[in-house]
Amino acid sequence: MPAPVDISPLDLAAPGVADELVTLQRASYRVEADLIGVPSLPPMHETATQLRASRETFLGARLADGRLAGAVSYKRLGDGAVDIYRLVVDPAAFRRGIATALLDALDARERDAEHWTVGTGAANAPARALYERRGFTVAEERLVGDGIRYVRLDRSGGQ
C-alpha cells in the first residue's frame, strides 16, 4: 500500500466517513491488543455514533484511490495542550510512514501548542518508539482495566 497522498480533516458527519473510520480503527487496535496481550481494547467496540459524539478532531490519511489508510484524533485543551486520543493505521500500510505523516500534519496544525500528551499500551513497542523519536518521554505508567499496563508520554512545545 503506497504512502498517503492527502492528509486532511475528517468530517464524521459526512456519509460513510465514520463507518470507514470504525473499520480502520478496529483493524488497527486488533494489532495493538495482540501486541499487549489482551483479547480486546475499548476502541474496538466503538460505533460510528460514539466516534461522532467524541468531540475529538480527526485528521485522515487517504490514498490516491480515496481509501482511508490512517487517522489521528486529538483535543486541543484550554491550557494550550494537545491531547492525542488515537492514532490508527491500516495494518496493510504499517511501516510506510503514514503514522509519521499524520503526526507531522498534526504538529503543523497545532504548532503553537505548549504541551503534548499521548497514551498507549506499555507493551506497544512500535507506538512507544514512534512517540519517543518525536521527543515524547514517559510521564506515567499504571495499570488500567483488565490489567493493561498503560503509559502516558508527554512533550513540551512543538516538534
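Of note:
- Leu59 satisfies every condition listed in (1) without any contact (Cβ under 8 Å) to a residue 60 or more places away in the chain; (2) more than 17 Å from the chain's Cα centre (by Cα); (3) not in a helix (DSSP H, G or I) except (2).
- Subset of region 64-97 that is among the charged types (D, E, K, R) and not in a loop (DSSP other than H, G, I, E, B) - its residue that is nearest to the chain's Cα centre (by Cα): Arg86
- Any hit, region 42-55, residues being among the hydroxyl-bearing types (Ser, Thr, Tyr) and closer than 24 Å to Val138 by Cα: no
- Taking region 133-159 as the range and being among the acidic types (Asp, Glu) and either more than 18 Å from Leu35 (Cβ to Cβ) or surrounded by 13 or more Cβ atoms within 10 Å (Cβ to Cβ) (or both) as the test, the residues that pass are Glu140, Asp154.
- Among (1) modelled with pLDDT of 90 or more; (2) over 19 Å from Leu41 (Cβ atoms); (3) touching a Leu at 6+ places or on another chain (Cβ under 9 Å), the one test that Arg155 misses: (3)
- Applying a threshold of 6 Å to beta carbon distances and a minimum spacing of six or more residues, or different chains, the list of pairs starting in region 39-55 at a residue that is assigned to a loop (DSSP other than H, G, I, E, B) and ending at one that is not hydrophobic (A, V, I, L, M, F, W, C) reads Leu41/Tyr29.
- Condition check for Leu77: over 15 Å from Gln25 (Cα atoms) and crowded, with 18+ Cβ neighbours inside 10 Å: no
- Of the set (1) under 24 Å from Ala129 (Cβ atoms); (2) among the charged types (D, E, K, R); (3) surrounded by 18 or more Cβ atoms within 10 Å (Cβ to Cβ), all apply to Arg26 but (3).
- The residues of region 107-132 that are more than 23 Å from Asp34 (Cα to Cα) and either outside any strand (DSSP E or B) or touching a Ser or Thr at 6+ places or on another chain (Cβ under 9 Å) (or both), listed by number, are Asp107, Ala108, Arg109, Glu110, Arg111, Asp112, Ala113, Glu114, His115, Trp116.
- Verdict on Gly16 being loosely packed, with under 14 Cβ neighbours inside 10 Å and at pLDDT below 95: no
- Scanning region 80-91 for residues that are farther than 21 Å from Thr117 by Cα and either buried (at least 19 other Cβ atoms within 10 Å of the Cβ) or without any contact (Cβ under 8 Å) to a residue 40 or more places away in the chain (or both) gives a single hit, Asp90.
The values are calculated or read from the model by the stated rules, or taken from the named source; none is laboratory data. Keep in mind it's a predicted model, so treat the numbers as computed, not measured. Every residue, glycine as well, gets a Cβ built from its backbone with ideal geometry; the counts of neighbours run over all protein chains shown.
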